[in-house]
1. When each pair of different Cα atoms in segment C:6-45 is counted once in the 1/r mean, what is the Kirkwood radius in angstroms, to one decimal?
2. Kindly provide the pair-distance distribution of chain B built from C-alpha pairs, with 5 Å bins from 0 and whole-percent values in order of increasing distance.
3. Restricting the calculation to Cα positions, tell me the Rg (one decimal) and the Dmax (whole number) of segment C:114-174 in Å.
4. Divide, for segment C:2-206, the radius of gyration over alpha carbons by 2.2 N^0.38 Å, where N is the residue count.
5. To the nearest 0.05, how large is the calculated FRET efficiency for residue C:155 and residue B:67 if R₀ is 45 Å and r is the Cβ-Cβ distance?
6. What is the calculated FRET efficiency for residue A:103 to residue B:48, with r their C-beta to C-beta distance and R₀ = 41 Å, to the nearest 0.05?
7. Relative contact order for chain A: what percent, with Cα pairs under 8 Å and sequence separation of 6 or more?
8. Can you give the mean number of other chain Cβ atoms that lie within 10 Å of the Cβ atoms in peptide A:94-101?
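All of the numbers you see were taken from the coordinates with simple rules; none came from a lab. Only a predicted model underlies this, so the values are computations on that prediction, with no experimental measurement involved. Counting neighbours? That spans all protein chains shown, and the Cβs are built from the backbone with ideal geometry, glycine included.
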């Protein structure tokens, strides 16, 4: 993917990331977040949550990975995520992205990012500035 | 809740410096867990092998708030993260994270009343080269149950 | 004329859209809206001058605010110095009655937004504490609404005879224009907008 190939409105392929509890436990362990609310549905419910929830930074990391698959070799210069509502572990969320602007001088594109739950509700929003050569 | 007093007394004062050695093992574990497939981050043999861009967002300093910072409530959640990349972090590097509170504000949302604290960590490497800036928007809720948390 | 009456730019704490990028997106995607109103959270942006962008893109760009009251969030249009002196836009505990009354007195209009939303919408507060006098218009189409929230707003409007506006509540560029408001005539500035809202001659639209 080269900068010249990209136009405003181009969509990144939607993905269904793996948020099964085994994978989230792996992430939480490496990120030092191995607490019940992220990896144990029962313990999360005891804390008043509907179930174990995805760590926010894992959402962000999933979105960064989506960008890299869309544009191999690109450089993410900035990525910003707003965790508007929790994503449940063992659910089936969908990541989406769309190019909203391009800067020929800087060879960068701005991308809007979202993660939706099964009901189509947007749970995470974000943006990224991505450089392509 | 006197957010103005927090802004006046606590903003932009460095309160912590923490050290984080970067290892290949930790990069690979992180990359695998988040499904990252770009060989720059997943293949140690790649000539540009380095930590993925959100890698430093996982780090927490020795303290998350300054000593004697006002108690804003026991409940809270992570409302968002912004990572600005300045340079790569590679295995063998040691990162130093300088922490401060960059902003504070109050608002209401689906969860009710929320106090937002923007916790900023500036990461530099052992050569004092900038690596990343991570803004963590922490929410404190004095009077809300965690299951209600939504913005 | 069709305007998106509820948008946020990077001036809002959780807004992630630059105004120029909104404009480029509207034109590139050939959206049907002919302009939008920036309703930044808890503030009025009196610094930015968007007239060059209006000319460049042929769009109407107006400014209002979204303030926070004891009955939820409220859009205010026709903001001026008198209104800004009348109540503190940054206060998250404003009495709804005060905002409605002062907005009107100062030549503007206040419109409770996303009324079906938990905690920050008017419906839940009406149910608990009763109705507030002075509401004439509410936001019945909000682009950020979840299941049932707009339906609750429409039911409230029907019950009390409120008129309904639409706005995307966009925080990202790609969210603008999901909902909007169609007016009978042209809206050239904030005063026209206030007059049009007060006239009740408009309809809320949702595209997605």
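1. Values: mean 1/r = 0.0938 Å⁻¹.
Here the Kirkwood hydrodynamic radius works out to 10.7 Å.
2. Values per bin, smallest distances first: 2, 9, 17, 18, 17, 13, 11, 8, 4, 1, 0.
3. According to the Cα coordinates of segment C:114-174, Rg and Dmax are 11.5, 37 Å.
4. Working: Rg = 15.4 Å, N = 205, 2.2 N^0.38 = 16.6 Å.
Taking the Cα Rg and dividing by 2.2 N^0.38 Å, one obtains 0.93.
5. Numbers: r = 52 Å, r/R0 = 1.15.
So, using R0 = 45 Å, E works out to roughly 0.30.
6. Numbers: r = 23 Å, r/R0 = 0.57.
That pair, residue A:103 with residue B:48, gives E of 0.95.
7. Values: 271 pairs, mean separation 39.9, N = 133.
Over chain A, the number comes to 30 percent.
8. Numbers: counts 0, 0, 1, 1, 5, 4, 13, 9.
Taking all residues of A:94-101 together, the mean is 4.
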